[in-house]
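None of the figures in this text is laboratory data; all of them are computed from the coordinates on show. These numbers were taken from a predicted model, which means no experiment stands behind them. Neighbour counts are summed over all protein chains in view; Cβ atoms, including those assigned to glycine, are modelled from backbone coordinates with ideal geometry.
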Amino acid sequence: MHQFLPYAWFGGQCVPFAEATLSVATHALHYGTGAFGGMRALPNPADNNEILLFRADRHARRLSQSARLLLTELAEETIHTAIQAFLQANRPTCPIYLRPFVYTSDLGIAPRLHNIQTDFLIYGIEMGDYLSPEGVSCRISSWCRQEDRSLPLRGKISGAYITSSLAKTEAVKSGFDEALLLNSRGKVSEASGMNLFIVRDGVLITPGVDQDILEGITRASIMELARSMDIPVLERAVDKTELMIADEVFLSGTAARVTPVRRIESTDLSSHRPVMEALRDRLTAITEGRDPSYDHWVTRIRLD
Ligand code: PMP
């Protein structure tokens, strides 16, 4: 069970978490017509009165774009203002995960995105490791990642997560930790809630934005960091069997951060992962506010 933060942002203000409740007839609950974000924040290890948010501008932009894909408006400024108020109210003392959510809030039936009210909320949970930092075993899912012509894949659309949920449960029930989904063209796309990287002969390779992935903010950050560290980066289609012969395979995401893959199906992978480790160390230092050269990726919020 999650440890929820004491206050939620709901109806344009901070209210106690238990009071932030919705009707059983809420439209988005039935049709998956919502979009969410996921951000990490932590108290600055060097100053507990300061909260550090990783790439808040990118997260707000993606959520605002997700709202547009659901044919509604949610200004980035509205998101930033709500996050500020949310953090001031909750005063987190440990690492947390924020879940902002924009959704169709009318009561009643009929799938549609016109003539409908939308609303915006945020809640938060305490979060340490989402997946084991020691590494995960992955199954190639029998479920296929959706295509952009059936669903807007560049947004974090709630309804899309039925596929992630089916794939994750299939993987766990068959003895694995995580699922890797191929796209409709049979190329590797991503995991249930993370992007994927492989390393071959010192080159960092990740499925491109044309491979039906979510355009992950951690993924973009890792690619930028790798280039700054003179690690060659390629965005290209990845075949399933490349995973088995890769020198390193790892997953990236806000919740999962950088998580190594130790086994794929019946193939054990090497535990020697120099590229992943260098990137993970660098990313950890940045998120903890210890890397001045990437301070522009960190939003610092001083608690009143
Ligand atoms: N793919 C999916 C399906 C996800 O849900 C996530 C988590 N947001 C990611 C990839 C990774 O994205 P990010 O690095 O922006 O968290």
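Observations, loosely collected:
- Extension reserve of the residue 84-residue 162 stretch, reckoned as 0.36 nm per residue once the Cα distance is removed: 25.0 nm
- Taking the Cα centre of the stretch 7-126 as reference, the dipole from Cβ charges on Lys and Arg (+1) and Asp and Glu (-1) amounts to some 340 debye.
- Taking the chain and dividing mean pair separation by its residue count, relative contact order in percent (alpha carbons under 8 Å, at least six apart): 20 percent
- Karplus-derived HN-Hα couplings along the stretch 238-251 (A = 6.51, B = -1.76, C = 1.60, θ = phi - 60°), whole Hz, x at Gly and Pro: 10, 8, 4, 6, 5, 4, 6, 10, 5, 6, 9, 9, 8, 10
- Cα pair distances exceeding 12 angstrom across the stretch 98-142, given as percent: 75 percent
- Local electrostatic count at residue 31 - Lys and Arg +1, Asp and Glu -1, tallied over other residues with Cβ under 12 Å: 0
- The ellipsoid equivalent to the alpha-carbon distribution of the chain has semi-axes of 31, 25, 17 angstrom, derived from the gyration tensor eigenvalues as √(5λ) and listed largest first.
- Antiparallel bridges, percent of DSSP beta bridges restricted to the chain (to nearest 5): 85 percent
- Rounded FRET efficiency, nearest 0.05, which uses the C-beta distance separating residue 169 from residue 110 and R0 of 30 Å: 0.50
- Most mobile of 237, 255, 46 in a GNM of the chain (Cα contacts under 10 Å): 46
- Max mean-square fluctuation residue, GNM over the chain, Cα-Cα springs under 10 Å, options 225, 63, 243: 225
- Distance in nm between pseudo-label sites at residue 215 and residue 265 (7 Å out along the Cβ direction from Cα): 3.2 nm
- Kirkwood hydrodynamic radius (C-alpha pairs) into Stokes-Einstein, the stretch 136-287, 10 °C and 1.306 mPa s, D in µm²/s: 103 µm²/s
- 3J(HN,Hα) from dihedral phi, the stretch 50-62, Karplus parametrisation 6.51/-1.76/1.60, rounded to Hz, x for glycine, proline: 10, 9, 9, 10, 8, 6, 4, 5, 5, 5, 5, 5, 5
- Residue order for 138, 14, 94, fewest other beta carbons within 10 angstrom first, comes to 94, 14, 138.
- Taken over the alpha carbons of the stretch 1-85 as equal point scatterers, the Debye sum produces base-10 log I(q)/I(0) values at 0.19 Å⁻¹ of -1.11.
- Rounded Å value of the spacing that divides the Cα centres of the stretch 135-149 and the stretch 102-123: 29 Å
- Set against the 2.2 N^0.38 Å expectation for a compact globular protein, the stretch 47-194 has a Cα radius of gyration ratio of 1.21.
- Between 102, 249, 275, the GNM of the chain built on Cα springs shorter than 10 angstrom shows 275 fluctuating the most.
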